[in-house]
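Chemist: The structure follows.
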Amino acid sequence: MSGVSDSLCIWLRRGGCEPSEWLATREAVERRRDDPEFKQRVYRIIEEDTKLLERLAK
């Protein structure tokens, strides 16, 4: 299990998720991580947020 997966399990445990739900959640996160379209959306959101924060800081 990677560090990210370990962190995810800790987060799920704190959130009250049942162990049976952990594997499905971990697999969904890993699929998203490998999805180029999802990565593009994340980078676009980060870029938009950065621009907004820069405007607000002025």
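Every number here is computed from the coordinates shown, using simple stated rules; none is lab data. As the structure is a computational prediction, the values presented were derived from the model and not from experiment.
Chemist: Each residue of segment 23-30 in order: what ³J(HN,Hα) in whole Hz does its phi give by Karplus 6.51 cos²θ - 1.76 cosθ + 1.60, θ = phi - 60°, with x for Gly and Pro?
Modeler: Couplings: 4, 4, 5, 4, 5, 5, 5, 5 Hz.
Chemist: Apply the Karplus parameterisation 6.51 cos²θ - 1.76 cosθ + 1.60, with θ equal to phi minus 60°, to every residue of segment 36-48 and state each ³J(HN,Hα) to the nearest whole Hz, in sequence, with x for glycine and proline.
Modeler: x, 5, 5, 4, 4, 4, 4, 5, 5, 4, 4, 4, 5
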